[in-house]
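These notes concern the structure reproduced below.
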Amino acid sequence: MLPGLEAAELPADAIEVGRIADAWGIKGWFKVLPHSAQPEALFSSKRWFLMPPGAADGAGAFRLPIREAKEHSDCVVAASPEVPDRNAAEALRGSRVFVPRSSFPSVGEDEYYWVDLIGLSVVNREGVVLGIVRELLATGPQTTLVIEHEATEAGAKPIERMVPFVAAFVDEVDLPGRLIRVDWQPDY
């Protein structure tokens, strides 16, 4: 890692939002591959936490102040006062980028960050538990919840369901209650 960077503990609400791919230009800018098609969290946070390649469980994290971040082609490019040149930017290659969830921009009514939906229980109108949101997929015009439910038979694979995350099927999202209520049947 770069000399002079301050070692830091990851915040309790840290969310991984991307990975540094490479240096960009000769003035210390670096290219970030965001984990989201809409990387607003990278733009709203003025301090990122970097986890060097191979580091695990928050060990070896560093705080990096960000001077500027902007979209460029299919990635984000960023600059830090602590990264003066291309060589310093290359030293960041492979680092995972985390930002505190508290620094994410506010969302509008009926808008949600994917990270907030992962792990929520999904129940249909009849009260049947369909499973837990494992991930979300961007499927063009809509987002789809990928729901995993434990198999009923010993040794069987978990059951996977996909429910479009649209108003026609999603009745309610209760973030504090960690629940999504849907109009969906278990045999769909």
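For the stretch 106-166 and the stretch 42-82, compute the distance between their C-alpha centroids and round to whole Å. What the calculation gives is 30 Å, centre to centre.
If you run the Gaussian network model on the chain, springs between alpha carbon atoms under 10 Å, then out of PRO164, PRO34, PRO100 the most flexible one is PRO164. Restricting attention to the chain, lysine pairs at least eight places apart or on different chains and with alpha-carbon atoms under 30 angstrom apart total 5.
Rg(Cα) of the chain divided by 2.2 N^0.38 Å? Working shown, then result.
Numbers: Rg = 19.7 Å, N = 188, 2.2 N^0.38 = 16.1 Å.
For the chain, the normalised Cα radius of gyration is 1.22.
Here the sum of -39500 (n - 2.57) over DSSP H runs of 4 or more residues, divided by the residues of the chain, equals -1500 deg cm²/dmol at 222 nm, to the nearest 500.
Rounded to 0.05, the FRET efficiency of the ASP13 and ALA154 pair, given R0 = 41 Å and the Cβ-Cβ distance, is 0.65.
Values in this text are rule-based calculations from the coordinates and carry no lab data. Here the structure is a predicted model, which means the values were calculated and not measured. Methodologically, a virtual Cβ is constructed for each residue, glycine included, from the backbone with ideal geometry; neighbour enumeration extends over all protein chains shown.
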